[in-house]
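**Q** I have a structure I would like to understand better, so I am pasting it below and will then ask my questions one at a time.
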Amino acid sequence: MPLRTLETWPHGAIMLDAEHTRFALWAPDAFFVSVELEDGQSLPLLPQADGWFVINTRCPAGTRYRYNIDGELEVPDPASRAQAGDIHLHSVVVDPLAYRWQHSTWMGRPWNEAVIYELHVGALGGFSEVEKHLARLVELGVTAIELMPLAQFPGDRNWGYDGVLPYAPQSSYGSPEQLKHLIDTAHGHGLAVILDVVYNHFGPDGNYLHRYAKGFFREDKHTPWGAAIDFRRREVRDFFIENALMWLLEYRFDGLRLDAVHAIESPDFLQELAQRVREQTDPARHVWLTVENEHNQASLLQEGFDAQWNDDGHNALHVLLTGETDAYYADYADNPTEQLARCLSQGFVFQGHVTRHGTPRGEPSGHLPPSAFVLFLQNHDQIGNRAFGERLHQLTSPEALKAATALLLLSPMIPLMFMGDEFAAKEPFLFFTSHHGELAELVREGRRNEFAAFSAFTDPHKREQIPDPNARQTFEASRPKLTATRQSAMQGLYHQLLRLRHKHIIPNLPGTFALGAEVLAEGAVTARWQLGNGSQLRIDLNLSDKPVVHSPQADASLLFEHPPQSAGLLDRGTLAPYCALVSLTAAALMLPPDGERQ
């Protein structure tokens with residue numbers, strides 16, 4: 001087969017037909033590259049322009065292979081579609097058409113319908129075990145599951161943010177076909193599936209790119225994980241954009257959540273990624289793109305991305321619920337009630353406001369719709385980044401948590417919950433890895449040193465009590481018991497609130513805009529939104545232990561009240577402690593302020 005003359009190639013082992021595969025490796029720092037097949041064949045790749053090595057050869061699906069660099073080092077394919085075990089073992093040629101889809105006409109769900117359930121596949125037992133929870137989640141009112149990162153990482157226990165081979169689903173979770181079966185089954189239940197992807201760094205173990213493709217990195221820019229990825233290079237950009245397209249087109253994920261995009265030094269890469277995704281996916285499909293971004297770049301949410309995880313909203317609520325002000329919560333220590341009101345009316349808390357470090361953070365966000373923000377009371381970070389992985393119900397009043405849950409599930413922001421929230425699961429979610437040797441020791445000590453600035457861990461002996469991330473028991477303790485027979489009062493509350501969301505909020509979410517929010521007292525706010533059908537949604541929230549005077553609306557229909565006291569019209573002028581009142585008011589259609597919101 002003649003080779004095409006191209007400056008760039010699709011990365012990895014791409015099947016051309018049932019019997020032939022093209023191997024393409026970008027290795028500008030190598031002199032010679034061969035592909036070593038499991039049957040003993042050693043096939044030299046042909047050098048191409050710009051550091052590419054390529055060969056088309058007879059090679060069926062399932063073949064195991066490695067690349068040999070300069071006769072000195074055998075490495076897995078950095079674009080491996082599957083691994084025969086750990087990251088240091090052979091890569092496997094995968095036929096992307098082998099799986100027969102049962103729900104091939106699925107086109108996803110509109111973003112306004114998103115009710116997201118974040119989960120860790122390994123903690124639930126792998127792809128096939130996750131399937132067993134889908135029917136229960138649909139009954140609860142969930143419309144989408146979000147999988148923590150799946151890229152192949154070292155060992156068999158990891159959060160997923162140490163991934164090294166971003167194209168290969170973690171082998172200890174199951175095969176590519178089993179992952180597709182999970183997605184297919186979810187679609188059959190009416191569930192969208194989101195994947196968390198990490199495009200800001202590679203993990204510390206098993207990354208051989210520095211040996212033969214130094215151009216992946218720029219040594220003049222550094223992230224918390226080492227040298228920044230150099231997105232100025234066309235080959236590097238394509239590596240990650242092709243990865244995004246693989247998940248969306250081959251695996252039929254319904255969306256991606258991009259981790260820590262503030263660590264990506266080239267913002268135009270994100271714009272190009274979103275543009276190419278929109279261009280290359282069927283316009284009839286609903287494809288969701290969300291980001292985690294400490295920089296609070298509201299402009300990015302107008303450039304192809306649907307929403308951002310709203311850490312600001314979480315942090316203000318966490319301080320109000322727990323009183324904790326260590327570390328990053330210090331930015332929310334002085335005026336958390338005012339900050340919550342700003343979040344409910346404008347999206348971000350920090351919109352250019354100065355942080356505790358004396359630097360401005362964020363961009364104005366009040367022009368964005370509430371659905372541009374994903375709100376949560378907990379997620380993998382906010383639980384797992386605690387020394388002992390405690391969940392929120394173990395840190396605050398049960399009644400205050402129920403009131404905050406009403407805000408989470410009935411506000412016009414997009415709600416996200418973490419696995420086990422619906423049961424108030426007692427199991428922690430700890431930080432876990434399965435590193436070995438010196439790296440394991442560095443991770444263990446690094447984890448404990450992270451908490452040196454926390455008042456509870458200034459004593460080094462107390463830090464020694466923090467669980468070892470590499471111990472299997474740390475992982476086992478983090479596996480929630482989410483059985484169909486497990487019942488709790490919190491589960492009933494989630495079911496009730498999500499039933500109300502599906503009936504009253506979701507159908508009218510498009511076109512929603514904020515009408516403002518006010519501080520009633522310390523720990524208490526009132527917020528109003530106009531929904532797309534012209535009705536007004538109001539939430540009165542009191543997270544303090546004192547009653548608060550407020551001004552009820554006489555014509556408001558009560559949608560939800562906690563604690564339950566009466567039904568009918570809101571005719572009282574007092575918010576009880578730990579109270580949430582949610583009401584709907586029929587109203588004439590009002591235009592957004594300045595005609596800005598669409």
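The values are calculated or read from the model by the stated rules, or taken from the named source; none is laboratory data. This one's a predicted model, so the numbers in the text were calculated from it and none came from an experiment. In this analysis, Cβ positions are derived from the backbone assuming ideal geometry, glycine residues included, and neighbour counts consider all displayed protein chains. Keep in mind that these areas ignore ligands, DNA and RNA; they rest on the heavy atoms of the full protein, side chains included. Shrake-Rupley method; radii C 1.70, N 1.55, O 1.52, S 1.80 Å.
**Q** Going by amide H atoms built from the backbone, whose H comes under 5 Å of the H on residue 85, apart from near neighbours?
**A** Answer set, sorted by chain and number: none.
**Q** For segment 153-163, just list the computed ³J(HN,Hα) in residue order, Karplus coefficients 6.51, -1.76 and 1.60, θ = phi - 60°, integers in Hz, with x standing in for Gly and Pro.
**A** 10, x, x, 10, 10, 5, 5, x, 8, 9, x
**Q** Further question: Relative to the Cα centre, what is the charge dipole magnitude of segment 115-309, using +1 at the beta carbon of each Lys and Arg, -1 at the beta carbon of each Asp and Glu, and rounding to the nearest 20 debye?
**A** Numbers: 17 positive and 29 negative charges, 54 e Å.
Using Cβ point charges on Lys, Arg, Asp and Glu, segment 115-309 gives about 260 debye.
**Q** To continue, here is another question. Whole-Hz Karplus ³J(HN,Hα) for segment 187-192, in order, using 6.51 cos²θ - 1.76 cosθ + 1.60 and θ = phi - 60°, x for Gly and Pro?
**A** 4, x, 8, x, 9, 7
**Q** OK, next. In whole percent, and with a 1.4 Å probe on the protein chains, what portion of the accessible area of the chain is carbon and sulfur?
**A** On the way: 11770 of 22770 Å².
Here it works out to 52 percent.
**Q** To continue, here is another question. Quick one: putting +1 on the C-beta of Lys and Arg, -1 on the C-beta of Asp and Glu, what dipole do you get for segment 464-579 around its Cα centre, in Debye to the nearest 20? Walk me through the intermediate numbers first.
**A** On the way: 11 positive and 10 negative charges, 109 e Å.
Dipole magnitude for segment 464-579 comes out near 520 debye.
**Q** Also, quick follow-up: I'd like to check one number: the per residue accessible area of segment 259-363, probe 1.4 Å, reported in Å² as a whole number.
**A** Values: 3940 Å² over 105 residues.
Heavy-atom accessible area per residue stands at 38 Å².
**Q** Where does each of 337-350, 504-517 land if you order them by average Cβ count within 10 Å, highest first?
**A** Numbers: 337-350: 24.0, 504-517: 19.4.
Order by mean packing, descending: 337-350, 504-517.
**Q** Taking the highest mean first, how do the peptides 297-305, 43-51 order by number of other beta carbon atoms within 10 angstrom per residue? If you can, show how the numbers build up before the last one.
**A** Numbers: 297-305: 18.1, 43-51: 14.9.
The most tightly packed comes first, giving 297-305, 43-51.
**Q** Continuing with this model, one more query. Considering the dipole of the chain built from charges on the beta carbon (Lys and Arg +1, Asp and Glu -1) around the Cα centre, which of 498, 207, 40 is farthest to its positive end?
**A** So the residue we want is 498.
**Q** Same structure, new question: Under the classification rounded if a/c is under 1.5, otherwise prolate if a/b is larger than b/c and oblate if not, where does segment 12-93 fall, given a ≥ b ≥ c as square roots of the Cα gyration tensor eigenvalues? Write down the numbers at each step before the final one.
**A** On the way: a/c = 1.62, a/b = 1.20, b/c = 1.35.
Oblate shape, in that a/c is at least 1.5 and b/c is the bigger or equal ratio.
**Q** Report, by chain and number, residues whose modeled amide H sits under 5 Å from the one on residue 288, excluding near sequence neighbours (fewer than 5 apart, same chain).
**A** Those qualifying (amide H under 5 Å, at least 5 residues apart or on another chain) are 255, 256.
**Q** About its Cα centre, what dipole magnitude does segment 299-369 give when the only charges are +1 on Lys and Arg Cβ and -1 on Asp and Glu Cβ, stated in debye to the nearest 20?
**A** Details: 3 positive and 10 negative charges, 26 e Å.
Using only the charged Cβ atoms, the result is roughly 120 debye.
**Q** Which pairs break 30 Å Cα to Cα here: 132/503; 132/402; 426/546; 180/481; 221/462; 402/462? Write out the running numbers ahead of the final one.
**A** Values: 132/503 26 Å; 132/402 27 Å; 426/546 28 Å; 180/481 25 Å; 221/462 35 Å; 402/462 32 Å.
Pairs exceeding the cut-off: 221/462; 402/462.
**Q** Check residue 221: other-chain or 5+ apart residues with amide H under 5 Å from its amide H, H built from backbone geometry?
**A** Amide H to amide H, under 5 Å and 5 or more residues apart or across chains, residue 221 pairs with 228.
**Q** In addition: Could you run the Karplus curve 6.51 cos²θ - 1.76 cosθ + 1.60 with θ = phi - 60° over segment 374-388 and give me ³J(HN,Hα) per residue in whole Hz, x for Gly and Pro?
**A** Residue by residue, segment 374-388 yields 9, 9, 7, 8, 8, 8, 4, 5, 6, 8, x, 7, 7, 4, 10 Hz.
**Q** Quick check on the chain: take the gyration tensor over C-alpha atoms, sort the square-rooted eigenvalues as a ≥ b ≥ c, and tell me if it's rounded (a/c under 1.5), prolate or oblate.
**A** On the way: a/c = 1.95, a/b = 1.72, b/c = 1.13.
The shape class here is prolate.
**Q** Given segment 115-309, report the % of alpha carbon pairs whose separation exceeds 21 Å. Provide the component values of the computation, followed by the final result.
**A** Details: 9697 of 18915 pairs.
Roughly 51 percent, once rounded to a whole number.
**Q** Can I ask one more? Packing-wise, with mean Cβ within 10 Å as the measure, how do 475-481, 127-133, 20-26, 355-361 rank, highest first?
**A** 20-26, 127-133, 475-481, 355-361
**Q** Next question. Note the direction-averaged projected area, equal to a quarter of the hull surface, for the Cα convex hull of segment 210-301, in nm². Don't jump to the answer; show the numbers that get you there.
**A** Details: hull surface 26.6 nm².
Orientation-averaged projected area of the Cα hull: 6.6 nm².
**Q** With unit charges on the beta carbon (Lys/Arg positive, Asp/Glu negative), name the residue among 147, 227, 289 whose Cα is farthest towards the positive pole of the charge dipole of segment 115-309.
**A** Value computed over the given set: 227.
**Q** Kindly identify segment 511-585 as rounded, prolate or oblate by the Cα gyration tensor criterion: order the square roots of the eigenvalues as a ≥ b ≥ c, call it rounded if a/c is under 1.5, otherwise compare a/b with b/c, prolate if a/b is larger, else oblate.
**A** Numbers: a/c = 2.16, a/b = 1.38, b/c = 1.57.
Here segment 511-585 falls in the oblate category.
**Q** Now for a different question. Express in whole angstrom the spacing between the alpha-carbon centres of segment 292-349 and segment 490-537.
**A** The distance from the Cα centre of segment 292-349 to that of segment 490-537 comes to 18 Å.
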